1. Angle, helix B:270-285 long axis vs. longest principal axis of chain B, Cα atoms, 0 to 90°, nearest 10?
2. Can you give the FRET efficiency for B:D184 and B:D238, using 1/(1 + (r/R0)^6), R0 = 30 Å, r = Cβ-Cβ distance, to the nearest 0.05?
3. Consider just the alpha-carbon atoms of region A:26-94 and return their Rg together with their Dmax, both in angstrom.
4. Given labels modelled 7 Å from the Cα in the Cβ direction, how far is it in nm from A:D69 to B:E366?
5. With +1 on each Lys and Arg Cβ and -1 on each Asp and Glu Cβ, and nothing else charged, work out how big the dipole of region B:254-387 is about its Cα centre, in Debye to the nearest 20.
6. What spacing in nm lies between the two simple spin-label points modelled at B:Q38 and A:K97, each 7 Å away from Cα in the Cβ direction?
7. According to a simple spin-label model (label point 7 Å from Cα along Cα-to-Cβ), what is the distance in nm between B:R249 and B:E282?
8. With r defined as the distance between the Cβ atoms of B:F384 and A:V15 and R0 fixed at 45 Å, what FRET efficiency is calculated, to the nearest 0.05?
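What follows draws every value from the coordinates through simple rules; no lab data is involved. As the structure is a computational prediction, the values presented were derived from the model and not from experiment. Here Cβ is always computed from backbone atoms with ideal geometry, including for glycine, and neighbour counts include all displayed protein chains.
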Amino acid sequence: MKPKGWKELPPGSVVTKPGSAEEFKTGSWRSFRPVWVPENCIQCLFCWMYCPDMAIKVKDGKREQFDYDYCKGCGICARECPGKKGQKAIIMVEEGK
Amino acid sequence: MAKVVAVTGNEAVANALRQANPDVCAAYPITPQTDIMQRFSGFVADGLVNTELILVESEHSAMSACVGASAGGGRVITATSSQGLALMWEILFIAAGDRLPIVMPLVNRALSAPLNIHGDHSDGMGARDCGWIQLWSENAQEAYDNTLQAFRIAEHMDVRLPVMICLDGFIISHSIERLEYLDDAEATDFVGKYTPLYPLLDVDHPVSYGPLILPDLYMEYKRAQHEVMTKAGKVVLDVAADFAKVTGRNYGLFESYRLDDAEIALVILNSAAGTAKDTVDEFRGKGIRAGLLKPRLFRPFPYREVAEALKSAKAVCVLDRADSFGGFGPMYMEIASAMMLNGAKPLLINKIYGLGGRDFLPEHAELVLSELAEIAKSGAVRTFKEYIGVRE
């Protein structure tokens, strides 16, 4: 998307399009990325419950992949994840590695 | 038919606010403005306006309530002075940046410390860069007329900016003068109906105000804000022309008094300009080509027009009723900038006068004009910035 010039802006920075926050991909703020390890996942959905955004997709009662467009990498999901037999189902990996 | 009365500046301004019949008024008292909000509260209590009156706990809250109500879609007013304006500082920028056409009389008063309740221009000049349009008023009539015009300017679809109407504390706010009111019907008709732009209360068209704008777009918004300010001058003149049709009273971006062929000139704001005009007349009577320029629109500042108006002057004194400690007075800086646009520049001196409500007397104007006549003759300036009417 081409960035807007000053002549194209709405007066007073009013946002006239409802729900447009969806277009702002805040995932770029992330420095650590959560990685899902399905074999250690017991589908407790703690990660879905604790996520301060809505970055964990759930379908038919089961979690799927992270929504990396919006996940800011806070790591709360990884901390809360009980995992299976002491093995975490979410681990944090430094971006760019 | 116009009604001629004897009223104080505050009473006149309160009646202009009544005639505009705002939707919301946030009121908080501060000397010497209190009288405006007190009278307006009376109009609300008496059912003379359809205004929701919000009694807030501070000026910061007053301006915050104005921002909310204006974003909601209402015609919104408040009034303040001095420390009150200072406390609003943070929200003044938000009102302007969000392009909310709030109208606010500012009864000019000195800033603490030391504590002082009397008239000077430190408060309004301090708010120079907050993005509000500023109209300055010599007397009660101008304060009343400017207040009515302020609604039209603020609410104009090419502008949509807040407007401050400045009048001198006590000297104008509390002195009784002859004044011509417009009939209520005439005034209401002149001000017109308020059309909201992107009102928050229009739930069928939801909008958000006050988003976070990061370095990728912030500067574009600020550039756009400057652009709309530069367009406001034309609207100010258009509204003044309409006002003249109704009242016969003419307003420009500033008043030129005997300036056409003036060799020496004073630049002076508000009530002291009235005093200085008498002295200009005396000098003209002595065959000295003296003139006066009284700014009305201070933001946006009409640099080109001011430069043009002062082009014949050899020596000019800008009198400031506010100071920038360690710098020149605020009006001097504007006039100096304007003079840069002219090829031939006059010798330009600065006098600080009347701080904290100290009287500006005809003899002060006389001293300055005599000094200017001397400068025009000799081409030599003794001192560029000086305080007048101060004890050694």
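1. So the helix axis and the longest Cα principal axis differ by about 30 degrees.
2. 0.80
3. When restricted to the Cα atoms of region A:26-94, Rg and Dmax are 11.0, 33 Å.
4. 7.9 nm
5. Result for region B:254-387 is approximately 280 debye, rounded to the nearest 20.
6. Between B:Q38 and A:K97, the label points sit 7.0 nm apart.
7. 2.8 nm
8. 0.35
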